[in-house]
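Throughout, read-outs are computed from the coordinates displayed, never taken from laboratory work. Just so it is clear, the structure is predicted and the values come from calculations on it, not from any experiment. All Cβ positions, even for glycine, are placed from backbone atoms using ideal geometry, and neighbour counts span all protein chains on display.
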Amino acid sequence: MPRANAIALLLFVALATGWLGQAMIGSPQPDGAPTDLWLPLQVQAQHDGETVHLRLRWPSRHEHRFHDVLRFDGENWQAIGADDYPELFGEERVAMLLDDGGVPDFARFGGYLLIGDGTRFMPGAANEDAVAEHAFLGGELGLTDIRKHLPDTRLGSWDAPVSAANLEAQREAGYFLDLWHWRGDRGGPADVSDDLHVAEHRHGDSGRSAYSTNWDDDAEQPRYMLDPDRHGTAGLRWQDLEEDSVDWSARPWLIEDTAVAFDPEHDWQEGDTLPRRVLREPEGSRAAIMAKSRLRDGWREVILNRKLDTGEPLEDKTLRPGGSYTVAFAVHSDGATGRHHHVSLPFSLALERPADITVTRMDGDTPDWTEPDRTITLFYPGQVNWPRITGSGHAGADAVAQGIPVRARHDEHKLALYGLEAEAETAVIWNWAVTLLLGLVLLGILPWSLGRLDDREPSA
């Protein structure tokens, strides 16, 4: 067989191997990962010397009015949420992490820092029973899972927290992050944003949140239903939720002051639905952030405002004119649940000073949002945790150990692709294995085929 033909055949084998491997396995796309890996976020900020106002805007196509609901199946009430129907209950959310220098690595690595060993929704998440049985995490803090936490609150693994005395000293030294978390259902209709902080765990600030759960454990039924006199119905219809035909202008949320006690004798029909959350007036430090939101022309807008100094230095970061801080953002949109959301790299924020995001001084009593905004790019981070970033499997682990900021080595475009690849690692390895196997099979056939061709060539 002529050498040119043999080379051409080898090239064909290589192309066929790659094509068949992709055709059989397909491009890796983790379950729940967004189709759009990048999301623009517009940020504006102003203050009046006492209160800071933050305006955040991002593209959004759906309201996602409820985080979860209770649906009657004809016999019992079942809890249904975003895990079952993300297109209906992927609650719109936006979060901002804020630091004043108390967590130095936050300015270098942003939210990656918080996804430590054992974090829920991540590979290797800690077993809930093991967390609950842990003397400190379960016994003293009452935890059943591991959520965001800072590295220095652990001695390596999730189940090795530093002592309670060290945690207290860390907090007094400012080693915690302030977390502003607006949720479209669990506070949004009440014009408030949840106020939390991250140290050895993601804690709610002292006081009470703007929501409770609409469930009576003893009676195994909802606690509240809609007021028929106010809403014209005791509950919603599942079909209306599916068809997006609910009259949201009627504000069909359960509000503690206006909801009525659940009546099990009501003529409940299969498909009747009640909100699983009950809105209430938040109290204490947890009620520090007020919020307004709206969806218009394909954009979600959330305006947050909070006092510069809340008087809670162990839970909130105090903002001062002339001060410089670090912020990072995250958005859950279009049905994103769990870790399947978009995040930002860390950015500098300063009051009346040059920064990535400058908080300007207001003229008058209300912010002037006609000033130019700062548009930043959010990206999909994948299921990447801090142990992976600092571990031997990461080629940049030495740079991380040296404190080189992530922005110096990667941009948002690369980070999203790396994150997607890391999350789809098993599928990628399987793809390679199948491709290699196909190549070996085809290469094994090639000598036999060439031999057959030689046998057919006429002798001289």
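Filter the cross-link list Lys317/Lys414; Lys307/Lys414; Lys148/Lys307 down to pairs whose alpha-carbon distance in this structure exceeds 29 Å.
Numbers: Lys317/Lys414 31 Å; Lys307/Lys414 37 Å; Lys148/Lys307 25 Å.
Going by Cα-Cα distance, Lys317/Lys414; Lys307/Lys414 fall outside the 29 Å limit.
Compared with the alpha-carbon gap, the fully stretched path from Ala130 to Leu314 is longer by 63.3 nm at 0.36 nm per residue.
For region 251-265, the residues whose backbone nitrogen is under 13 Å from a point 7 Å from the Cα of Glu281, taken along Cα to Cβ, are 256-258.
Add -39500 (n - 2.57) for each DSSP H run of 4 or more in the chain, then divide by its residues: what number comes out at 222 nm, to the nearest 500 deg cm²/dmol? All intermediate terms of the calculation are to be shown ahead of the outcome.
Details: 11 runs with 109 residues, N = 460.
Value at 222 nm, helices only, nearest 500: -7000 deg cm²/dmol.
Report the local net charge at Arg183: Lys and Arg +1, Asp and Glu -1, summed over other residues whose C-beta lies under 10 Å from its C-beta.
-1
Between Asp227 and Glu87, the C-beta separation translates, for a Förster distance of 30 Å, into a calculated FRET efficiency of about 0.55. When each of the peptides 222-230, 124-132 is scored by how many other beta carbons lie within 10 Å of its residues on average, the order from highest to lowest is 222-230, 124-132. About its Cα centre, the chain has a charge dipole of approximately 2160 debye under the convention of +1 per Lys or Arg Cβ and -1 per Asp or Glu Cβ, with nothing else charged.
With Cβ to Cβ distances under 14 Å as the rule, what net charge do the other residues near Asp216 carry (K, R +1; D, E -1)? Write out the running numbers ahead of the final one.
Working: positive: Arg223, Arg276; negative: Asp217, Asp218, Glu220, Asp263.
Net charge in that neighbourhood comes out at -2.
According to the square roots a ≥ b ≥ c of the eigenvalues of the Cα gyration tensor, what is the shape class of region 260-315, taking rounded for a/c under 1.5, prolate for a/b larger than b/c otherwise, and oblate for the remainder?
Working: a/c = 4.81, a/b = 1.69, b/c = 2.86.
Oblate shape, in that a/c is at least 1.5 and b/c is the bigger or equal ratio.
Would you be so kind as to identify all helices of the chain, as entire DSSP H runs, whose Cα atoms reach 30 Å or more along the helix's own axis and whose mean Kyte-Doolittle hydropathy is at least 0.0? Walk me through the numbers before you get to the answer.
Working: long enough: 3-25 (33 Å, 1.47); 425-456 (46 Å, 0.90).
Length and hydropathy pass: 3-25, 425-456.
For Val43, what charge total do you get from the other residues with a beta carbon under 10 Å from its beta carbon, if Lys and Arg give +1 and Asp and Glu give -1?
Numbers: positive: Arg55, Arg57, Arg374; negative: Asp356, Asp373.
Around Val43, the charge tally is +1.
For the peptides 200-206, 353-359, 261-267, the ranking by mean Cβ contacts within 10 Å, running from highest to lowest, is 200-206, 353-359, 261-267.
Going by how many other beta carbons lie within 10 Å of each one, how would you line up Lys307, Lys414, Lys317, fewest first?
Details: Lys307 17, Lys414 11, Lys317 24.
Starting with the residue having the fewest Cβ neighbours, the order is Lys414, Lys307, Lys317.
Report the FRET efficiency, 1/(1 + (r/R0)^6), for Ala160 and Leu417, where r is their Cβ-Cβ distance and R0 is 45 Å, rounded to 0.05. Write out the running numbers ahead of the final one.
On the way: r = 33 Å, r/R0 = 0.74.
E(calc), rounded to 0.05, equals 0.85.
Fewest neighbouring Cβ atoms within 10 Å first, the residues Ser348, Ser245 line up as Ser245, Ser348. Distance between the modelled labels on Trp299 and Arg361, one decimal in nanometres: 2.8 nm (7 Å Cα→Cβ projection). Packing-based ranking of 177-189, 380-392 yields 177-189, 380-392, ordered from highest to lowest mean Cβ neighbour count within 10 Å. On the basis of the beta-carbon distance and an R0 of 35 Å, Asp398 and Glu168 show a calculated FRET efficiency of 0.55.
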